[in-house]
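Novice: Sharing a structure here in structure tokens format.
The values are calculated or read from the model by the stated rules, or taken from the named source; none is laboratory data. Quick caveat, the model's predicted, so the values are computed rather than measured. Here the Cβ positions follow ideal geometry from the backbone for every residue, glycine too, while neighbour counts run over all protein chains shown. With ligands, DNA and RNA removed, areas are computed over all heavy atoms of the protein, side chains included. Shrake-Rupley method; radii C 1.70, N 1.55, O 1.52, S 1.80 Å.
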Amino acid sequence: MKSSLLSKIFALLWAACFSLVVNAASVTNLYEALVPVADQSVAERSRALRVGLGTVLVKVTGNSAVLADPEILQAMAGAKDFVTEYGYVSYSEPGESDANGLALNIHFAETSVDRLMRRKQLQVWPADRPELLVWMVIDSSEGGRQFVSADDQPALMAQLNHAMKQRAAPLLMPLLDLTDRMTLTEEDAWNFNLEKLTEASARYNSHAWMAVRLYQSATGQWRGARLLKLEGSDNLRSLVADSPALLVKQLVGETVDSLASRYAFVPQTSDQELVLNVDHVETYQSFSDVTGYLESLELVRSVIVDYVDGDRLGLRLSMEGEISLLLDTLRRDGRMTEKVASDSSGAAPNGYLFSWGRP
């Protein structure tokens, strides 16, 4: 029994040659860069534009190694051709409260940057990025081992936030309240107790978490290690730097590279097609929300509506990346719940079935 509202939608779709095509939308903020400058001279501005384009390419690809590519360095020399607008703003270093410098705020043309990436076959890290939950412990002679928080180590937290923002990687810090501390102690985090860390992280429903330990050695160097836990895998690394800020920058750089490689894709010259069935699409607003969500995903080139039957929406997605990556993205979204598709359910035999907005 078809609902009258969705039957009208289907009639409109039929009138439009049986389908509605929605093109993928661009994501904001990824194509902007804030670059500190010494002055407003032409030479300094040209340098800042080159640095800014590099920053954007690293953010969009999720791969810092892109800046080592000679062809990319050559493209960065013509950075002004990618700029839509720029302006000077006051700037302060992370961890400092007063603006004591100047920076160039630059906006780059998304279409031009995307064209460059596809021409060079660079990976794309979709803007739908998982939050990285970070448990960080610092060992100091003054306070011993302590969880890093904005209250106790504001400068270190500011540096961590800044480094993650530079990479356009969402950061999630634990509350460190009584619930957290009953589950996970500083010693547990310091020793990378996987069982305790997994249990504490489950509270935050995060698909990626990292435990970090930092300390200053007798030689004055800062040393650290991190355990990065992604879905189905974990990775341990050690780091050394001359200051906490440099250590955090190094930590974030290699961690985000690892994180992005898990979710990035290289655009293909030939599209793949995914049949998707979505239940609980009961109103025009939910219809708009579902198609709008799907159109916003970089993996999706187009969305074609095949049918509307009751509260079920049948879609064909044309994709330029791996189907498994899109399914992983849908499964991580709180509004999408995967269901078991069967012939009796009415779902296409080769399709996937999700419900929208509720289990």
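Novice: Please specify each residue of region 75-94 satisfying the condition of being of a type outside the set (Ser, Thr, Tyr), open to solvent by less than 50 Å² (accessible area, probe 1.4 Å), more than 13 Å from LEU53 (Cα to Cα) and not in a strand (DSSP E or B).
Specialist: Within region 75-94, just PRO94 meets the criteria.
Novice: Please state which of the following conditions SER258 fails to meet, knowing it meets all the rest: (1) closer than 30 Å to VAL137 by Cα; (2) in contact (Cβ under 8 Å) with a residue 60 or more places away in the chain.
Specialist: (2)
Novice: Is there a residue being touching a residue at least 24 places away in the same chain (Cβ under 8 Å), of a type in the set (Gly, Ala, Ser) and not in a helix (DSSP H, G or I) anywhere in region 47-60?
Specialist: Among the residues of region 47-60, not one is touching a residue at least 24 places away in the same chain (Cβ under 8 Å), of a type in the set (Gly, Ala, Ser) and not in a helix (DSSP H, G or I), which makes the answer no.
Novice: Same structure again: Please state which of the following conditions LEU57 fails to meet, knowing it meets all the rest: (1) over 26 Å from MET117 (Cα atoms); (2) modelled with pLDDT of 95 or more.
Specialist: With (1) over 26 Å from MET117 (Cα atoms); (2) modelled with pLDDT of 95 or more applied to LEU57, the lone miss is (1).
Novice: Another question, if that's okay. Given (1) over 20 Å from the mean Cα position of the chain (by Cα); (2) in a helix (DSSP H, G or I), where does VAL256 come up short, assuming only one miss?
Specialist: Every condition holds for VAL256 apart from (1).
Novice: Does LEU276 fit the bill of being under 30 Å from VAL148 (Cβ atoms), at pLDDT 90 or above and surrounded by 18 or more Cβ atoms within 10 Å (Cβ to Cβ)?
Specialist: Judged against the criteria, LEU276 is not a match.
Novice: Continuing with the same structure: Considering region 127-144 alone, what residues qualify as being at pLDDT below 90 and out of contact with any strand residue (DSSP E or B) (no Cβ under 6 Å at 6 or more places or on another chain)?
Specialist: Across region 127-144, the qualifying residues are ALA127, ASP128, ARG129, SER140, SER141, GLU142, GLY143.
Novice: What number of residues within region 94-106 satisfy the criterion of being at pLDDT 80 or above and under 21 Å from SER41 (Cβ atoms)?
Specialist: Count: 6.
Novice: For region 279-301, which residues satisfy the criterion of being more than 15 Å from GLY334 (Cα to Cα), under 28 Å from the mean Cα position of the chain (by Cα) and surrounded by fewer than 18 Cβ atoms within 10 Å (Cβ to Cβ)?
Specialist: Correct list: GLN285, SER288, GLY292, GLU295, SER296.
Novice: I would also like to ask the following. Select from region 314-328 the residues that are touching a residue at least 40 places away in the same chain (Cβ under 8 Å), part of a strand (DSSP E or B) and open to solvent by less than 50 Å² (accessible area, probe 1.4 Å) and list them in ascending order.
Specialist: Correct list: LEU315, LEU317, SER318, MET319.
Novice: Please go through region 239-253 and pick out each residue that is touching a residue at least 40 places away in the same chain (Cβ under 8 Å), open to solvent by 30 Å² or more (accessible area, probe 1.4 Å) and either of a type outside the set (Lys, Arg) or farther than 22 Å from SER149 by Cα (or both).
Specialist: Matches in region 239-253: PRO244, ALA245.
Novice: Filter region 255-264 for residues that are touching a helix residue (DSSP H, G or I) at 6+ places or on another chain (Cβ under 8 Å) and at pLDDT 90 or above; which is surrounded by the fewest Cβ atoms within 10 Å (Cβ to Cβ)?
Specialist: Filtering region 255-264 for residues that are touching a helix residue (DSSP H, G or I) at 6+ places or on another chain (Cβ under 8 Å) and at pLDDT 90 or above, the one surrounded by the fewest Cβ atoms within 10 Å (Cβ to Cβ) comes out as ASP257.
Novice: Out of all the residues in region 81-98, is one or more in contact (Cβ under 8 Å) with a residue 24 or more places away in the chain, touching a Ser or Thr at 6+ places or on another chain (Cβ under 8 Å) and of a type in the set (Gly, Ala, Ser)?
Specialist: No, region 81-98 contains no residue that is in contact (Cβ under 8 Å) with a residue 24 or more places away in the chain, touching a Ser or Thr at 6+ places or on another chain (Cβ under 8 Å) and of a type in the set (Gly, Ala, Ser).
Novice: Can I ask one more? I'd like the full set of residues that are open to solvent by 10 Å² or more (accessible area, probe 1.4 Å) and not polar (S, T, N, Q), limited to region 226-238.
Specialist: Listed by number, the residues that qualify are LEU227, LYS229, LEU230, GLU231, GLY232, ASP234, LEU236, ARG237.
Novice: If you scan region 279-313, which residues turn out to be touching a Gly at 6+ places or on another chain (Cβ under 8 Å) and part of a strand (DSSP E or B)?
Specialist: Matches in region 279-313: VAL305, ASP306, TYR307, VAL308, ASP309, ARG312.
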